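Chemist: Dropping the structure in here first, questions after.
Nothing in this text is a laboratory measurement; each read-out follows from the coordinates by a stated rule. Keep in mind that this is a model prediction, so the values were computed, not measured. As a convention, Cβ positions derive from the backbone with ideal geometry for all residues, glycine included, and neighbour counts pool all protein chains shown.
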Protein chains: 4
Amino acid sequence: MRRLDLDDARRLIAGASAHAREIGVPMCIAVTDEAGQLIAFERMEGGKVTSTTIAIDKAVTAAAAKKATHDYGTASQPGAPAYGINSAIGGRLMVVAGGLPGLFEGEVVGGIGVSSGTPTRDQAVAEAGIKHWRSHD
Amino acid sequence: MRRLDLDDARRLIAGASAHAREIGVPMCIAVTDEAGQLIAFERMEGGKVTSTTIAIDKAVTAAAAKKATHDYGTASQPGAPAYGINSAIGGRLMVVAGGLPGLFEGEVVGGIGVSSGTPTRDQAVAEAGIKHWRSHD
Amino acid sequence: MRRLDLDDARRLIAGASAHAREIGVPMCIAVTDEAGQLIAFERMEGGKVTSTTIAIDKAVTAAAAKKATHDYGTASQPGAPAYGINSAIGGRLMVVAGGLPGLFEGEVVGGIGVSSGTPTRDQAVAEAGIKHWRSHD
Amino acid sequence: MRRLDLDDARRLIAGASAHAREIGVPMCIAVTDEAGQLIAFERMEGGKVTSTTIAIDKAVTAAAAKKATHDYGTASQPGAPAYGINSAIGGRLMVVAGGLPGLFEGEVVGGIGVSSGTPTRDQAVAEAGIKHWRSHD
């Protein structure tokens, strides 16, 4: 079994933070292991305090449900099969873009969650985190 | 009064697990009694950890509200009478398919909840559990 | 990294249940993996429904905090260093006997939690589960 | 108004981590601002997952209640004025050592919380974090 460690988490956050600075949107950034347990978190200067829990829960969802949060967004629209899933687990199941699983050899080893911007920007920052992390493998 | 006992719960889980293995989707499977109290739970190897609570809450909903969770899915669409019910009870009222009440002589005696796959598959696995359990009556 | 799987969990529960039947006390029995994520749960006929959460939280505590719950009981007495820890994590940190970590080659790979009897009996049943599981290694 | 920023938080965590490594106890380390809002968190390899919430809540308590958690430990003993306060705020008010406010010119500007070891060690690691942070002012 494989899982992210703290060095991985720092690289994910470093990559995400760098992109957040580039686009000028301070973010909350969380990284969990494959079981959805928090490894590291940073709130950049100006990141929204309501986004702390949202970022953590996006990372938890992506890692532990093995699915990008925006995929849940599509699947949970009115009339779609997973409609209503957003309030599951005490509202921790996030269906808003910005949570991505981290894969290693096809297996989910953790997740990153980003919040404070628009969902599109949150997702772009999460992707930048994943890209930076992969470049170190 | 009649309610499921632990032997019933094991049969429900055995039938559901067998079908989950057939379709190749590892599941979280929960069984509650008619009061919505958990009797038994199993997470198959590879079942999602976010689905633990979801499976339990699907079983709770089906048993204690005496209604299949997919029926709530229909009733809670925008504009429908139960719109918004998904966040009730701290988000435990599940409106996504995969929770079924168990009936004995027309009376609800418990419930089964399944999660980790698509809602359609979760429901099929729950139905397989019910079918296997009934074949032992 | 190693963790309990569903077969391990079933053996732990089987060993614990057998001892519970011997002493005539129906129990709630929970098994988690090393991250404190629930793998399996059974409530025996007559097990207390309030004990469902208690058994699960004892297993979570033992596995994820890598410590028997009765050790927390000692450490959290008035005047002792961990006094007040029992209400941590929303009250999920259990300091009552009946939660034991499962070890493999000196490493915590999961936990078992038992509740419904006296704490002494809960612990004896948890120990019986561990003993039965180890006899299969 | 003054409050810790992310650079401060990283320094606090760096100082705490260094001491944790020296004593060989992997820790969960959290830093909040003066309002008790999380700025940064790290779980070292081997830090307990139950300690994630405990570390965060120690930091929240120290910063937002402007009091070291071990002072609450004394004040909340049976018969003392704050007896029972440990279960306040859903159990988030921590009375176990390991949470310290961070002061700047006599004013609380944030807090650090440490968990995974004995309370004495948690506090020593938190103090090392504060000391390292102050050496950069």
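Chemist: As a test of the formula, what do you get for the protein assembly as shown when each DSSP H run with n ≥ 4 contributes -39,500 (n - 2.57) and the sum is divided by the residue count, at 222 nm and rounded to the nearest 500 deg cm²/dmol?
Modeler: Result for the protein assembly as shown: -13500 deg cm²/dmol, rounded to the nearest 500.
Chemist: Here's another thing I want to ask about it. Tell me, what is the FRET efficiency for A:LYS48 and B:SER135 to the nearest 0.05, using R0 = 60 angstrom and their Cβ-Cβ distance as r?
Modeler: 0.65
Chemist: Further question on the same structure: Any idea how far the Cα center of region C:101-128 sits from the one of region C:19-34, in Å?
Modeler: So the separation of the two Cα centres works out to 9 Å.
Chemist: How far is A:GLY79 from itself in the other copies, in nm, if each label sits 7 Å out from Cα along the Cα-Cβ line, shortest first?
Modeler: Ordered by increasing distance: 0.9, 7.0, 7.0 nm.
Chemist: Once the label point is placed 7 Å from Cα along Cβ, list for B:THR120 the distances to the corresponding points in the other copies, in nm, shortest first.
Modeler: Listed shortest first, these distances are 3.1, 5.8, 6.2 nm.
Chemist: Would you mind listing the distances between the A:GLY106 label point and the same position in each other copy? Use 7 Å along Cα-to-C-beta, nm, one decimal, shortest first.
Modeler: Computed spacing set for this position: 3.5, 5.3, 6.6 nm.
Chemist: With each pseudo-label sitting 7 Å past Cα toward Cβ, what's the A:GLU107-D:PHE104 distance in nm, one decimal?
Modeler: Here the answer is 4.5 nm between the modelled labels.
Chemist: Once amide H atoms are placed 1.01 Å from N in the peptide plane, what residues at a sequence separation of 5 or more from B:GLY99, or on another chain, have their amide H within under 5 Å of its amide H?
Modeler: Under 5 Å from the amide H of B:GLY99: B:THR69, B:HIS70, B:VAL114.
Chemist: Whole angstrom only: what separates the Cα centroid of region B:45-98 from the Cα centroid of region C:44-58?
Modeler: So the separation of the two Cα centres works out to 23 Å.
Chemist: Sticking with this one: Considering the rotation that carries chain D onto chain A, locate the chain D residue whose Cβ comes closest to its axis and report the distance in whole Å.
Modeler: Nearest-to-axis residue on chain D, with distance in whole Å, is D:PHE41, 2.
Chemist: Given an 8 Å cut-off on Cα distances and at least 6 residues of separation, report the relative contact order of region C:6-134 as a percent.
Modeler: About 32 percent, as a whole number.
Chemist: Further question on the same structure: Quick test of the membrane-span-like rule: which DSSP H helices of chain D reach at least 15 Å along their long axis (C-alpha atoms) with mean Kyte hydropathy at least -0.5?
Modeler: Answer set is D:6-23, D:50-64.
Chemist: For chain A, set up a GNM with springs between Cα atoms under 10 Å and report which of A:MET27, A:MET94, A:MET44 has the largest fluctuation.
Modeler: Maximum fluctuation in the GNM of chain A, among the listed residues, is at A:MET44.
Chemist: Compute the Kirkwood hydrodynamic radius of region B:13-137, taking the inverse of the mean of 1/r over all pairs of distinct Cα atoms, and give it in Å to one decimal.
Modeler: 13.9 Å
Chemist: Between B:GLN123, B:GLN77, B:GLN37, which gets the highest mean-square fluctuation from a Gaussian network model of chain B, Cα cutoff 10 Å?
Modeler: Of B:GLN123, B:GLN77, B:GLN37, the most mobile in the Gaussian network model is B:GLN77.
Chemist: Taking chain C as a Gaussian network, where each spring joins two C-alpha atoms under 10 Å apart, which residue of C:VAL95, C:VAL49, C:VAL25 fluctuates the most?
Modeler: For chain C, modelled as a Gaussian network with Cα springs under 10 Å, the answer is C:VAL49.
Chemist: Straight-line reach from A:LYS67: which lysines have Cα under 21 Å away, leaving out those fewer than 8 places along the same chain?
Modeler: Partners found: A:LYS58, A:LYS131, B:LYS48, B:LYS58.
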